[in-house]
Amino acid sequence: MTDTLRMQLAGLNCGSCVGRAEKALLGVAGVQDAVVNLANELATVHFDHPADVGQITQALTTAGYPAQVEQTVLEVADMSCASCVGRVEAALKDAEGVTDVSVNLASETATLSYLKGVTTPETLSAVATKAGYAAKPRSKTTAAVDRKADEAVALSRRFMIALFFTLPVFVIEMGSHFIPGVHHWVMANIGLQTSWVMQFALVTLVLAWPGRTFFAKGIPSLLKGAPDMNALVAIGTGAAWAFSTVATFAPSVLPDGTQAVYFEAAAVIVTLILLGRWLEARAKGRTGEAIRKLVGLQPKTALVLRDGQATEVDIDAIAVGDIIRVRPGERIALDGVVAEGATFIDESMISGEPVPVEKSQGAAVTGGTVNGTGSFSFTVTKTGADTMLAQIIQMVEDAQGTKLPIQDLVNKITMYFVPAVLVLAILTVLAWLVFGPDPALGFALVAGVSVLIVACPCAMGLATPTSIMVGTGRGAEMGVLFRKGDALQALQNAQIVAFDKTGTLTAGRPELTEFALCDGFDENTVLQTVASVEAMSEHPIAQAIVRAGHAKELAPQPLDSFESLTGFGVQAQVDGKTVLIGADRLMIREGVVTDALAARSHEIAREGQTPLYVAIDGKLAALIGVSDPIKPATPQAIAALHAMGKQVVMITGDNKATAQVIADKLGIDNVVAEVLPEGKVAALNDLRKNGATLAYVGDGINDAPALAVADVGIAIGTGTDVAIESADVVLMSGDIGGVVNAFEISRSTMRNIRQNLFWAFAYNTALIPVAAGGLYVFGGPLLSPMLAAGAMALSSVFVLSNALRLRWVKRVGDVA
């Protein structure tokens, strides 16, 4: 049968592009016809076996005309375990135009990439709904949070109703077993048959009312040949109820000695599972706490200045160019640039740094941050989805919706797990009927139901996504954003951490770090003179000296003349005096004796500073040292990485001697010096030629290729947009302590996932044989279906509670 595929293409510029795109499509085996329209950039392809959508899109990508791919997120209801995840993924993967699917049980979402023009989010929602899992395109995050809260409330109500009807059944039946007085009272005042009829009525209410969802979802999935957790509960409780109903109203149908009721088991199973789901829903809500906090950072209104009047305006009605007035203590509404006033702003929500940052005219401000005691106005530069806060929320949501490589294996196992449990339950029942003691039918029923209930794979499905959600959320609170969720898994495996030097390990801006005077000269007078001369130069070293003069509030002096001496320095006339500033070779050329400060000059050169001499009227006046200072947090971060067993490498364009001085000061293991920007990729490839996994940390445009080629690219958030777009992880502050925080989040999250998976699989591996009666064979007890339900519910709650521990991962500065 011939299929038709219509796609929007990118990169079409002319008729020759059309020809090449069509040629690429027709080159795929199975493609019968291909027509590309330049006007609407639409490709129509008719194909048959062996061609498929993946091969067709790959051919277009190779040819340079990739199909336009869009992303959407669906809210998927009714998923209760890992096997549900597998079925939703399978249904969506088979949908026309879908190129990638990741279903998250913890957030109850499906993240899809699909070919633009082939399908729509609404169509994909219908596909998931048809598979038995009601879906719709995701609403705003706040609405999703409200939905979680509503779900928890609904589950709590159903649990309370189930508990109300179950308690009398439990007291009558279990009290009769364990407390002789209760049994005698029931027999004397109610009677056995009446007691069973009462239990029948109450348990039927439990199953038909709060427990109805298990049958409404489980039976259809069973009939479709795709049983899930609901099917296991429905079969288990249904079997217990049906057997007990027959024993109550038609006991003669059953073999002698087997007439007993298990109503309490069916009711308690439903009640305990509802309790587990309620606790689970509450815990799921807490896993998304980071997103909820971020959403809550943006004010709903702001004070906008229009026609000289300040008016309270809804945030959605504010446009780029509007001027917003911010009062002391208010939260800043949107991104912008300070137009008037000065203040200190708490930017801890984006950088994780608690120290307020000074802002004055021309400084950038970020929406969601908190103003201090000052009052100021700013011009809006970004609104809506373009703001930094909106992008942070989007990055965190994208990372939380990611499926790690480890999850693929889990999903494959759980796809076959539920059918395997059904087979095991049948085999258990048959084994008890054939080999069990009397009443064999009763023993078979108890063991079979216990196997069905204890083996529900909820914990398996929750093990990975809950840890990812909490881990990436905690990372955001620490100023570490995982743009790609799989970086969580890759980062912990990195053996080498390579740093760009300038702007990453160092401040990226030269500063005056040495000022030594000769006898007879005044420090402020000389600095004022030197800063006045260097103000005429745009060289970074000159600007460092000028900033030092500004910091001491030294007023610039007028120059009588200024001359740049290429390769030597500068010469100027200031207030009738001749001023020379430059390297030792300038002093030698001009006959200035430098002996008094020569030794110090060699010392600061060895420390990585650039030495400059100052001579006034032919006499040596001062020695200046300028360097790019190391960031305060760099030494601690390097030491912490070493403590984690990482090899630290510095990549720089500096000469080897200067680079080695900095490396020795910081304890860096390896230095790759004199590297041109285009040589960084080759340097990284050389570092990992022995198969080592490598993380690269950079901030500039010239770091973008290296960030992209590294196993994990980490961009400093104070860097360029190009670098950030190329990275897997973004640090919101310029402090490289964030690198250590990123490694700590990765390590803690992956350890948490392994703990959860071990618990989930060990729990099922250990308890299925016990539920089947393994202990009874050796003289031990037979596991009650009620205990099985409790264990299953606790298993999911344990996994969620363990994941929530990630909320307390400490940042590097907090680890004592």
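What follows is calculated from the coordinates using simple rules that are stated; it is not laboratory data. Since this is a predicted model, take the numbers as computed values, not measurements. Cβ atoms come from the backbone with ideal geometry, glycine included; neighbour counts cover every protein chain shown.
P(r) for segment 611-701, from all Cα pairs and a bin width of 5 Å, is 3, 10, 18, 20, 18, 11, 6, 5, 4, 3, 2, 1, 0 %, short bins first. Summary of the geometry: segment 748-795 and segment 558-596, compared by the centres of their Cα atoms, lie 83 Å apart. Here the extension length gained between D522 and S252 equals 85.7 nm, from 0.36 nm per residue of separation less the Cα-Cα distance.
The DSSP beta bridges internal to the chain are antiparallel in roughly 80% of cases.
Computed over the chain, relative contact order equals 12 percent, with contacts defined as Cα pairs under 8 Å that lie 6+ residues apart.
Among the GluC sites (Glu not before Pro) in segment 535-623, those located in a DSSP loop and surrounded by at most 10 other Cβ atoms within 10 Å of their own Cβ are E538, E553. At an R0 of 56 angstrom, the distance between the Cβ atoms of I190 and D408 translates into a FRET efficiency of 0.50. Exposed loop sites here mean trypsin sites (Lys or Arg not before Pro) with a DSSP loop assignment and at most 14 other beta-carbon atoms within 10 Å; the chain contains its longest site-free run at 301-551. Taking all Cα pairs closer than 8 Å and separated by 6 or more residues, the relative contact order of segment 61-138 comes to 40 percent.
In the chain, inverting the average of 1/r over every pair of distinct C-alpha atoms gives 31.9 Å as the Kirkwood radius. Take the Cβ atoms of D94 and Q68, set R0 to 22 Å, and the FRET efficiency comes out at 0.55. Principal axis analysis of the Cα atoms in segment 11-106 yields extents of 52, 27, 19 Å, listed in decreasing size. When every alpha-carbon pair in segment 66-118 is counted, what percent end up more than 13 Å apart? Of the Cα pairs, 55 percent sit more than 13 Å apart. Of the peptides 161-167, 669-675, the ranking by mean beta-carbon count within 10 Å, highest at the top, reads 161-167, 669-675. In the chain, the calculated helix contribution to ellipticity at 222 nm averages -16000 deg cm²/dmol per residue, counting -39,500 (n - 2.57) for every DSSP H run with n ≥ 4. In terms of overall dimensions, the C-alpha atoms belonging to segment 485-575 reach 65, 27, 23 Å along their principal axes, ordered largest to smallest. Close lysine pairs were tallied over segment 604-713: pairs 8 or more places apart or on different chains with Cα atoms under 16 Å apart number 4. The length gained by stretching the chain between Y416 and L430 to full extension, at 0.36 nm per residue less their Cα-Cα distance, is 2.9 nm.
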